[in-house]
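The structure appears right after this line, and notes come after that.
The values are calculated or read from the model by the stated rules, or taken from the named source; none is laboratory data. Note that this is a predicted model, so its numbers are computed, not measured. Virtual Cβ from ideal backbone geometry, glycine too; neighbours counted across all protein chains shown.
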Amino acid sequence: MEDTEILADFIRRRLPSPDAKPLRLDAYQGFVRPDLAFDDGKTLFLIEVKRSTPSPAVVAQLHFQGEYLLSKLGLAARRSLCYVIAAPSISEETDYLLNSLKKMKKGNQTLFLRLNPRLLRRTRQPRTTAQGKITTPSAWRVVFALLRSPASIRSLSLTSGVSYAWCHRTVSALIVQGLARQRGGKVEVTDVNRLLSGAAWERPLLALQRYELTTASRRPVDLARELARRSEAVGALFAVTGPAHLLLSSDYTRSVDRLDIYLSSTAPLEGLKDEGGIRVHVYDPDRQIDIERRDGVPIVSPSQAVLDLAGMGRDWFELALAAVKAGAR
């Protein structure tokens, strides 16, 4: 038995359903594929194996993987999900987020399996990772330019402000993963939804969330203005992203019942906690945030807005594409 099979069997025997059968997900190895997956006919077990203490981002990736795979495999109405992290240890924050997945959908289960480091030293990681990340700051500028319209690599370099060599590397990674193709000297995206899925898997926005509260306000733009005023008064970074970004940057008119913001201090939120109104999601930036202003409110750049909306998951892909169109105007 190979090393990876020993590890897989060790984990399978410790699942709530030890008779579950391995599930092959080779078709999804580009982006949305957990390290191990098992199916017992009622529950789909998704396992991430880590050699060290996993970060909270692993939980967000598992959640996205589960919802995406249930949809792709046509099992949404016939399987519950069990999210499993197997590692030598787990932090309090990651454990809390893992357990919170049980509350997001009835029937969901979660499990942390503590692995002996000696077992991990004997085994290889169960899967190979995708070639070339698409959500690094430079790569995403290239991807965003490509989402707006097909272009040559030289044109992409000029539009995105990224070097020709890096553009070529990013485009090559997209082509290898079946996300783009080159025709007549121009590169074009071939599978927008899968590209956005890849972005969501690499950079789930939930992993950056550090605070959440409900307010009494029912108008996201008015609340954004108030928070912008408060943030400026205390010298805190503030920028609107997510669905509310479209309210400020385009002619989007649908109802929005949440406000997603980057905020470097919680001071502007003091006294806002209440009930019955908009829910505010506060994120820590993982990169330099380019900021524009609309109607006096700081908002993230169009490319950042698309990345963040994609990172919110499949339910937000339509708005991500709307943000692409808004950014092209």
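Which residue is farthest from the chain's Cα centre (by Cα), if the candidates are limited to segment 148-167 and must be crowded, with 16+ Cβ neighbours inside 10 Å and not in a helix (DSSP H, G or I)? Only one residue fits best here, namely ALA151. For segment 304-329, the set of residues classified as more than 15 Å from the chain's Cα centre (by Cα) and buried (at least 16 other Cβ atoms within 10 Å of the Cβ) consists of LEU321, ALA322, ALA323, VAL324, ALA326, GLY327, listed by residue number. Residues in segment 174-206 that are over 11 Å from LEU146 (Cβ atoms), in contact with a helix residue (DSSP H, G or I) (Cβ under 8 Å, 6 or more places away or on another chain) and either assigned to a loop (DSSP other than H, G, I, E, B) or among the hydrophobic types (A, V, I, L, M, F, W, C) (or both): GLN177, GLY178, LEU196, ALA199, ALA200, TRP201, ARG203, PRO204, LEU205, LEU206. One residue stands out among those in segment 236-277 that are in contact with a strand residue (DSSP E or B) (Cβ under 8 Å, 6 or more places away or on another chain) and among the charged types (D, E, K, R): the one that is surrounded by the most Cβ atoms within 10 Å (Cβ to Cβ), which is ASP260. When the test is whether a residue is touching a Ser or Thr at 6+ places or on another chain (Cβ under 7 Å), over 17 Å from LEU206 (Cα atoms) and loosely packed, with under 14 Cβ neighbours inside 10 Å, GLY107 passes it. Being in contact with a Gly (Cβ under 8 Å, 6 or more places away or on another chain) and either closer than 30 Å to ASP284 by Cα or assigned by TED's automatic domain parsing to the domain that holds LEU115 (or both) is not true of SER71.
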